[in-house]
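The values are calculated or read from the model by the stated rules, or taken from the named source; none is laboratory data. Source: prediction; values computed, not measured. Using ideal geometry, Cβ is built from the backbone for each residue, glycine included, and neighbour counts are taken over all protein chains shown. Ligands, DNA and RNA are stripped out before the accessible areas are found, and what is left, the full protein with its side chains, is counted by its heavy atoms. Shrake-Rupley method; radii C 1.70, N 1.55, O 1.52, S 1.80 Å.
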Amino acid sequence: MTTIQTVTGPIDADRLGRVLVHEHIFTGDIEHLLNYGHDFDEEVEVEKAAARMNALKASGIDTIVDLTVLGLGRYVPRIRRVAQHTDLNIIVSTGCYTLGELPMPFQMVGPGLLFDEPDPMPELFVGDITHGIMDTGIHAAELKCAIDAAGLTPGVERVMRAVGQANLRTGAPITIHTNPANRSGLIAQRVLAEEGVDLRDVIIGHSGDSDDLDYLTALAEQGSILGMDRFGIAFSLTFEQRIATILGLIERGFLANLALSHDCYCWTNFHPGGVARFHEHQYSGVIDHVIPALRQAGLPTGAIETMLVDNPRRHFVDAAERFARRSQKALSRDGI
Ligand SMILES: [Zn+2]
């Protein structure tokens, strides 16, 4: 039986239940917070976040994947404080979110750079998964990278390849932040495939920002899961268009390639006004609005559970099992 690492320890994969595959809890710029965050009250924010996680659990969601990595303000001790006050499973991630340049500690270190050494990123990501993050004992169980309007910049490509290598070394699955406007999911699939990643291990995040069924079909045909993951953000598509796209993909036979989420957060300093700025953007959107809309369109309950339970579970379990099989093969090939 496959176990999956959560903030409070490993759980049996069957206990993942209904999963929101792309969320955040605290996301922001930590350096800005340390210098200008006069109004940040740790106790209050942890309490508020725990209350929101508890409400989510009570509404029928069992697990969230927190995709906050380096570049988005990852700080897992604070996530643990939230996790200690809720029964919701929280999975944390490793990797790096950049849409252009790398964080400074990676800019000068790497093959051919000022400090001509092996790229430190794969080792750091693998360590977060196998050893745990710093000395917290919290293991990441998901890898994350990003590609957006700027396309495959040298920094974006380096992270993507490092994430691919960490996937090969650990079996942890991958989520990519993509921008469908430049069909960057396909670029990411190409780069990860070049690294040897099985594209069935991958969620193409923010696919729900597109209603281009041919683009989405091309991604799904490679076996990846499409993250229909920005419900509540009135950005690029309306709610109705997002629902219609899901139905269109199911009609084309891609039910097994769909997962639902909001890309929501409890706290941020990325924009003024914090989370209060966007009333519609709530963790409850899938339960309160998406499921009723899909049901009304005639989708059976089983299909909804496939997107919320089976597909996310497969994302973790199949990646781990494929990794185990590859490791076994390598051992027998080496005659061990
Ligand atoms: Zn996100």
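What is the dipole size for the chain, taken about its Cα centre, with +1 at each Lys and Arg Cβ and -1 at each Asp and Glu Cβ, in debye to the nearest 20?
That gives the chain a dipole magnitude of about 700 debye.
The chain: percent of C-alpha pairs farther apart than 27 Å?
That fraction is 42 percent.
In Å², what does the accessible area per residue of the chain work out to with a 1.4 Å probe?
Result: 44 Å² of accessible area for each residue.
Please compute the alpha carbon radius of gyration of the range 225-281, then divide it by the globular-protein estimate 2.2 N^0.38 Å. Two decimals is fine.
Expressed relative to 2.2 N^0.38 Å, the Cα Rg reads 1.33.
If the chain between T153 and R200 were fully stretched, how many nm would it gain, using 0.36 nm times the residue separation less the Cα-Cα distance? Don't jump to the answer; show the numbers that get you there.
Values: separation 47, 0.36 × 47 = 16.92 nm, distance 2.44 nm.
Extra length available between T153 and R200 comes to 14.5 nm.
Please identify the GluC sites (Glu not before Pro) of the range 261-336 that satisfy two criteria: DSSP loop assignment and at most 14 other Cβ atoms within 10 Å. Which are they?
Passing both the DSSP loop test and the Cβ count: E280.
Sort 249-255, 142-148 by packing, meaning the average of other beta carbons within 10 Å per residue, with the highest value first. Present the calculation step by step, with values, prior to reporting the outcome.
On the way: 249-255: 16.0, 142-148: 26.9.
The peptides rank, most packed first, as 142-148, 249-255.
Quick one: give the max-minus-min coordinate of the C-alpha atoms of the range 1-150 along each principal axis, largest first, in Å.
Per principal axis, max minus min of the Cα coordinates gives 52, 46, 34 Å.
Take the alpha-carbon positions of the range 109-193, form their convex hull, and give its projected area averaged over all directions (one quarter of the hull surface) in nm².
The Cα convex hull of the range 109-193, projected and averaged over all directions, gives 6.1 nm².
Go ahead and run the numbers for FRET between D212 and R295, Cβ-Cβ distance against an R0 of 35 Å, rounding to 0.05.
0.85
Rank-order 292-299, 24-31 by packing density, defined as the average count of other C-beta atoms within 10 Å over each peptide's residues, highest first.
Details: 292-299: 13.8, 24-31: 20.0.
Listed from highest to lowest mean packing, they are 24-31, 292-299.
Would you work out the Kirkwood radius for the range 261-336? I mean one over the mean of 1/r across all pairs of different Cα atoms, in Å.
In the range 261-336 this quantity evaluates to 16.2 Å.
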